[in-house]
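S.K.: There's a structure below that I have some questions on.
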Amino acid sequence: MSSSGAQPLAPWRWLGVPMLQVILATFLLALPLRFWGLSLPEPVFALPVVYAWAVIRPSMLAPVGVMLMGFYLDLLWGNPLGFWAVCLLLPYGLVLSGRAMLAGQSRLFMWAWYSAATALALGAGYIFTMLDTQNAPSLVSVGWQFLATVVLYPFADRLIDLFEDADVRFR
């Protein structure tokens, strides 16, 4: 599946750099800018990284990174602390448990799994928001957020392509 040479598996390369990129991209798209009266979409930039980390290899640092990104999203968007951490850890656990089945699959199959993981995260967020506020969020806006996040799969694929074969212990 890897078309380029695998990079060494240093934690700062496959965990730290993508986490900083997620933080910066999320912050930039959270700025209150409007173009032609429309605001920018709010994809969950952390989901491609969460998915890729679960596919690349099991690690004790990755769930901590997932939680940190979730706490950052909570603080940035004003959610209760732990909301996005739980919403991101659910798909991470699902993908990590199905990791053996994902090895060697086509990009279309991997994109379908990524879409399912995104649906799980946003579905959990929808349910948690509904329980917290006693009001259902707009399904249209959740659907747009889902589509905007699913479109980000090439970033997960790139991260997987860079580091999937770097650690021979987990092939």
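Matching residues to (1) under 16 Å from F155 (Cβ atoms); (2) under 14 Å from the mean Cα position of the chain (by Cα); (3) not polar (S, T, N, Q); (4) not in a helix (DSSP H, G or I):
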residue: P43; (1), (2), (3), (4): yes, yes, yes, yes
residue: A52; (1), (2), (3), (4): yes, yes, yes, no
residue: S59; (1), (2), (3), (4): no, no, no, yes
residue: P80; (1), (2), (3), (4): no, no, yes, yes
residue: V86; (1), (2), (3), (4): no, yes, yes, no
residue: L90; (1), (2), (3), (4): no, yes, yes, no
residue: L96; (1), (2), (3), (4): no, yes, yes, no
residue: G104; (1), (2), (3), (4): no, no, yes, yes
residue: M110; (1), (2), (3), (4): yes, yes, yes, no
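S.K.: Which residue pairs have Cβ atoms closer than 9 Å, lie 6 or more positions apart in sequence or on different chains, and pair a first residue in the stretch 49-72 that is touching a residue at least 60 places away in the same chain (Cβ under 8 Å) with a second residue that is of a type in the set (S, T, N, Q) and buried (at least 24 other Cβ atoms within 10 Å of the Cβ)?
M.R.: Short answer, once both residue conditions are applied: Y51/T118.
S.K.: So which residues in the stretch 73-115 are free of Cβ contacts under 8 Å to residues at least 60 places away in the same chain, within 23 Å of W144 (Cβ to Cβ) and in contact with a Pro (Cβ under 8 Å, 6 or more places away or on another chain), if there are any at all?
M.R.: Answer for the stretch 73-115, where residues must be free of Cβ contacts under 8 Å to residues at least 60 places away in the same chain, within 23 Å of W144 (Cβ to Cβ) and in contact with a Pro (Cβ under 8 Å, 6 or more places away or on another chain): just D74.
S.K.: How about the stretch 138-164: which of its residues are free of Cβ contacts under 8 Å to residues at least 40 places away in the same chain and surrounded by 15 or more Cβ atoms within 10 Å (Cβ to Cβ)?
M.R.: Matches in the stretch 138-164: V142, F146, V150.
S.K.: Among the candidates G93, G78, G82, single out the residue that is over 19 Å from T26 (Cα atoms), among the small types (G, A, S) and surrounded by fewer than 20 Cβ atoms within 10 Å (Cβ to Cβ).
M.R.: Testing whether each residue is over 19 Å from T26 (Cα atoms), among the small types (G, A, S) and surrounded by fewer than 20 Cβ atoms within 10 Å (Cβ to Cβ) leaves just G93.
S.K.: Pick from the stretch 31-50 the residues that are modelled with pLDDT under 90 and surrounded by 15 or more Cβ atoms within 10 Å (Cβ to Cβ): which of them is farthest from A121 (Cα to Cα)?
M.R.: E42
One line per residue, one yes/no per condition, for (1) among the hydrophobic types (A, V, I, L, M, F, W, C); (2) loosely packed, with under 14 Cβ neighbours inside 10 Å:
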| residue | (1), (2) |
| --- | --- |
| G98 | no, no |
| M101 | yes, yes |
| W111 | yes, no |
| L122 | yes, no |
| Y126 | no, no |
| L131 | yes, yes |
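The values are calculated or read from the model by the stated rules, or taken from the named source; none is laboratory data. Predicted model only: the values in this text are computed from it and were never measured. Note that we place each Cβ from the backbone using ideal geometry, even for glycine, and neighbour counts take in every protein chain shown.
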